[in-house]
Amino acid sequence: MEIDKKEYGKYVKKVTPVHGLAKNMMRAFVTGGIICTVGQVFMGVYGGMGLEKESAAAWTTLSLIAASVILTGLNVYPKIVKWGGAGALVPITGFANSVVAPAIEYKAEGQIFGIGCKIFTIAGPVILYGILSSWVLGIIYWIGQMMGVFKVL
């Protein structure tokens, strides 16, 4: 039995989810804002403990990463991502989530072939290209110094 093109079109419209752009943007804005507000709270707490601005920023980053990892392990962060979209995926907490999620998903395959191999599924390319690009730029800078293009500090 062959389905008519019009019937198929109606079926596709019926089952395709409709996403409201304004609603998604608002959710992303609210989610990202909450994450940034939590970060500011951490900055205030660490600053209040007497840490310098740079140290407080480093501890804030570590705290946000730790919170993201813990919430991912408790299966809370994926729900935040589902609701907040890019507002939860773009900050450093989203990157931490993307590193931890494959490890949790493949833990049944064991410590080595599950967690050990799959934890770098997303983070691996980012780390690789970050190191490679910094190495290439370092070589360019070094050659530029040798040629007198860049001033030695």
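Structure notes:
- The condition of being more than 17 Å from THR72 (Cα to Cα), modelled with pLDDT of 90 or more, outside the structural domain of ILE80 (by TED's automatic domain parsing) and in a helix (DSSP H, G or I) holds for only one of GLY144, GLY124, that being GLY144.
- For ILE3, the conditions (1) in a helix (DSSP H, G or I); (2) outside the structural domain of GLU105 (by TED's automatic domain parsing); (3) not small (Gly, Ala, Ser) are fulfilled apart from (1).
- Selection within the stretch 6-33 - in a helix (DSSP H, G or I), free of Cβ contacts under 8 Å to residues at least 40 places away in the same chain and closer than 30 Å to PRO91 by Cβ: LEU21, ALA22, LYS23, MET25, MET26
- Flag if LYS23 is more than 17 Å from the chain's Cα centre (by Cα) and either under 23 Å from ILE104 (Cα atoms) or of a type in the set (D, E, K, R) (or both): yes
- Filter pass, VAL99 being on the phi < 0 side of the Ramachandran plot, at pLDDT below 80 and under 12 Å from the mean Cα position of the chain (by Cα): yes
- Yes/no for VAL45 being surrounded by 10 or more Cβ atoms within 10 Å (Cβ to Cβ), more than 30 Å from LYS107 (Cα to Cα) and of a type in the set (A, V, I, L, M, F, W, C): yes
- Single match in PHE29, PHE42 (criterion: in the same structural domain as VAL100 (by TED's automatic domain parsing) and touching a Ser or Thr at 6+ places or on another chain (Cβ under 6 Å)): PHE42
The values are calculated or read from the model by the stated rules, or taken from the named source; none is laboratory data. A quick note: this is a predicted structure, and the numbers were derived from the prediction, not measured. Note that each Cβ is placed from the backbone with ideal geometry, even for glycine, and that neighbours are counted across all protein chains shown.
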